[in-house]
Amino acid sequence: MSGSYDECAGADDTMDSFWEVGNYKRAVKRFDDGHRLCNDLMGCLQERAKIEKAYGDQLTGWSKRWRQLIEKGPQYGSVERAWLAVMTEAEKVSELHQDVKNNLTNEDVEKVKNWQKEAYHKQMIGGFKEAKEAEEGFKKAQKPWAKKLKEMEAARKTYHMACKEEKLAAAREANGKTEASVTPDQQKKLHEKVDKCKQDVQKAKEKYEKSLEELNKCTPQYMECMEQVFDQCQQHEVKRLTFLKEALLDIKRHLNLTENQSYATIYRELERTILGANTQEDLKWFSNNHGPGMHMNWPAFEEYNPDQASAPPKKKKPDGAPPTPSTDHVAPPGDRSSVSSYDKNQAYSTEWSDDEQPTAFSGNENGGNGNSFEDDSSTGKGVRVRALYDYDGQEQDELTFKAGDELTKTEDEDEQGWCRGRMDNGREGLYPANYVEPI
């Protein structure tokens, strides 16, 4: 037992003790609270899952938008690849957060729901079977003691009333002795009244003491029965608390991405890509493609040839395969900055309800011409063409496509046989004119 009845009775009379009649209801209510807490936990997890999904979607949208800007922009070489690796990191982290969302909803919420269904059984008339059984158990254990308690309280009330009557009778007798108007006969009657009240007090006291003794005799049995029912409630609560602890550990495992090997791999790959950026190689590439390292067909004396067309003939491979364009094409320095038609300030929305929006950088740093990734001169107009052959871009400013792919020609063929075009995915670049035909 948790303590004797005497210990409980010796406490403050105003204490709302478990042993008082009807105070077991708080233990019964714990069944209803346990069921409600399961619902609260599921609601909590579902709300967190929405946050994870919104964050993942926001990362994906951010990555897609900036990948397009970077690919169209003037950055080149290994540093461009390192920058794009940050976008790859965002895409992979987004996938992990989508996994967190799926784990929370498909595993954790379902686990709580299934446990709740097994632990709490609803009744047709309302409430839960477990709570009803506990209620009936407490009532049965408390009923005999409650009956004795009621008898004791009635005896106590009778005793206290008798004591009060005795005091009043004694006071009237004392007053009668001092008043001359009270006759000896009246004084005799007052004295007899006092004697009778004393007898009533003694009888009431004996009955009160007897009822209290009987109550104390059945108190140990009452406490034992009540504790047995309470222990059954405790056993159910042990199962709930143990399950809740295990469920929270599972939730922690799903939320803690640092324990996910894929998460660590993402940042190892990102660091490796960034460290792989080679300044000298990038400078050499730019020199060879946009600087002194470029090939130049210096002017030379040419004899007049009446059979030569105004444009140089396309070269053919000996086996009749698609013509191979010259590798001496040159994209004038600075042209790449005019490639992008992506509007950086376009409407950008996600499920995320945060008021923060991506920072819109001003064009002051570029002489008022806006971000170097963008160019207002690109209107999206052009001629639709279809690829006749596969082409694998040899340089970063060249397009890659397969035979049958469609794209938009944005600039006509130059003197070296190259056109500028835009793929349907938004990427722009150069391609050999004789690899396509108008649609």
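The values are calculated or read from the model by the stated rules, or taken from the named source; none is laboratory data. This one's a predicted model, so the numbers in the text were calculated from it and none came from an experiment. FYI the Cβ positions are ideal-geometry reconstructions off the backbone, even for glycines, and counts take in every protein chain you see. What goes into the accessible areas is simple: the full protein's heavy atoms, side chains included, and nothing from ligands, DNA or RNA. Shrake-Rupley method; radii C 1.70, N 1.55, O 1.52, S 1.80 Å.
Some values worked out for this structure:
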| quantity | calculated |
| --- | --- |
| Qualifying lysines (Cα of each under 16 Å from Cα of LYS210; at least 8 residues distant if same chain) | LYS147, LYS148, LYS150, LYS157 |
| Rounded percent of accessible protein surface that carbon and sulfur make up, the range 114-248, 1.4 Å probe | 54 |
| Relative contact order (%) - criterion: Cα under 8 Å, at least six apart; region: the range 383-438 | 37 |
| Dipole magnitude of the range 129-222, debye to nearest 20 (Cβ charges: Lys/Arg +1, Asp/Glu -1, about Cα centre) | 160 |
| Radius of gyration, Dmax [the range 128-209; alpha carbons; angstrom] | 22.5, 76 |
| Probe 1.4 Å, all protein chains present, accessible-area order of GLU91, GLU213, largest first | GLU213, GLU91 |
| Radius of gyration and maximum dimension Dmax of the range 100-254, Cα, Å | 31.2, 100 |
| Accessible area (Å², 1.4 Å probe, nearest 10) - TRP285 | 50 |
| Rounded to whole Å, sorted largest first: equivalent-ellipsoid semi-axes of the range 35-171, Cα gyration tensor | 74, 21, 9 |
| Carbon/sulfur fraction of accessible area - the range 383-438, other protein chains in place, 1.4 Å, % | 41 |
| Coordinate range along principal axes, alpha carbons of the range 231-275, Å, largest first | 64, 9, 8 |
| Among SER211, VAL229, VAL201 the positive-end extreme of the charge dipole of the range 193-232 (Cβ point charges) | VAL201 |
| Probe 1.4 Å, protein heavy atoms only - accessible area per residue of the range 83-214 in square angstrom | 66 |
| Descending Cα extents along the principal axes, the range 383-438, whole Å | 25, 24, 19 |
| Contour minus Cα-Cα distance for LEU168 and TYR304 (0.36 nm per residue) | 34.0 nm |
| Alpha carbon Rg of the range 176-257, scaled by the compact-globule rule 2.2 N^0.38 Å | 2.81 |
| Shape metrics for the range 221-312, restricted to C-alpha atoms - Rg then Dmax, Å | 38.9, 127 |
